[in-house]
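The values are calculated or read from the model by the stated rules, or taken from the named source; none is laboratory data. The shown structure was predicted, so the numbers you read here are calculated from the model rather than taken from an experiment. Reconstructed Cβ throughout: ideal geometry from the backbone, glycine too, with neighbour counts over all protein chains shown.
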């Protein structure tokens, strides 16, 4: 069964959305900048690729209080915001989401497939005393499903550099098998410690967050925000 991507969103260094990302690429712009002020004393002269406002989050949008929001990993915050924007870009952020039904009639039948790279350190000064150990918590895909009240399958994926493509492959398989009416596929790479800038003398990692919304073609509707 053919499938189509009907919604997409992302955040990248010096590009708060995909339009800015494509524009940077067309202009040949290298998204490189001096290190933030808080790191300059330890890493004078270094340059890197940075996401702006990674600590910013609107808990009310997801029905969370400040304490619950503080317990979310920064990568999960970015993924949740990108997922919501992807739903908006596809035209499914409101009542239309209820119409995505599974074969058994379950509404909001949306699978979630998430790939999260290592965080590489916590936000400086962040306290996490109330956060449960990772082994006792559901994976990031399951937590995103709960945040957005999505009732399809959810799976957190880690296959190294191929994590996002693996997540997309699994989502397409679920769509074709009729396991969900639509799927959210997302990936986040966020490094918060200066030591990650030059792994083994290589180029280093660039932080990013992106998500896509594939649906089976016969019922897919392309919408613009």
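Please pick out the residue among 79, 51 that is under 16 Å from the mean Cα position of the chain (by Cα), over 28 Å from residue 182 (Cα atoms) and in contact (Cβ under 8 Å) with a residue 12 or more places away in the chain.
51
For residue 209, all conditions in the list (1) at pLDDT below 90; (2) part of a strand (DSSP E or B); (3) over 10 Å from the mean Cα position of the chain (by Cα) hold save one; what is the number of the exception?
Just one mismatch for residue 209, condition (3).
Examine the range 127-140 for a residue that is surrounded by 14 or more Cβ atoms within 10 Å (Cβ to Cβ), touching a strand residue (DSSP E or B) at 6+ places or on another chain (Cβ under 8 Å) and either modelled with pLDDT under 90 or under 16 Å from residue 82 (Cβ atoms) (or both), and state whether such a residue exists.
yes
Can you tell me which condition residue 52 does not meet? The list is (1) under 19 Å from residue 188 (Cα atoms); (2) at pLDDT below 90; (3) in contact with a helix residue (DSSP H, G or I) (Cβ under 9 Å, 6 or more places away or on another chain); (4) in a loop (DSSP other than H, G, I, E, B), and all the others hold.
(3)
For the range 8-25, which residues satisfy the criterion of being outside any loop (DSSP other than H, G, I, E, B) and over 16 Å from residue 164 (Cα atoms)?
15, 18, 19, 20, 21, 22, 23, 24, 25
For the range 159-187, which residues satisfy the criterion of being in contact (Cβ under 8 Å) with a residue 60 or more places away in the chain, in a loop (DSSP other than H, G, I, E, B) and either within 21 Å of residue 12 (Cα to Cα) or out of contact with any strand residue (DSSP E or B) (no Cβ under 8 Å at 6 or more places or on another chain) (or both)?
Passing the criteria: only 178.
One line per residue, one yes/no per condition, for (1) more than 28 Å from residue 216 (Cβ to Cβ); (2) surrounded by 13 or more Cβ atoms within 10 Å (Cβ to Cβ); (3) in contact with a strand residue (DSSP E or B) (Cβ under 9 Å, 6 or more places away or on another chain):
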{"position": "9", "(1), (2), (3)": "no, yes, yes"}
{"position": "26", "(1), (2), (3)": "yes, no, no"}
{"position": "69", "(1), (2), (3)": "yes, yes, no"}
{"position": "82", "(1), (2), (3)": "no, yes, yes"}
{"position": "98", "(1), (2), (3)": "no, no, no"}
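Does residue 120 satisfy the criteria of being over 16 Å from the mean Cα position of the chain (by Cα) and either at pLDDT below 90 or loosely packed, with under 13 Cβ neighbours inside 10 Å (or both)?
yes
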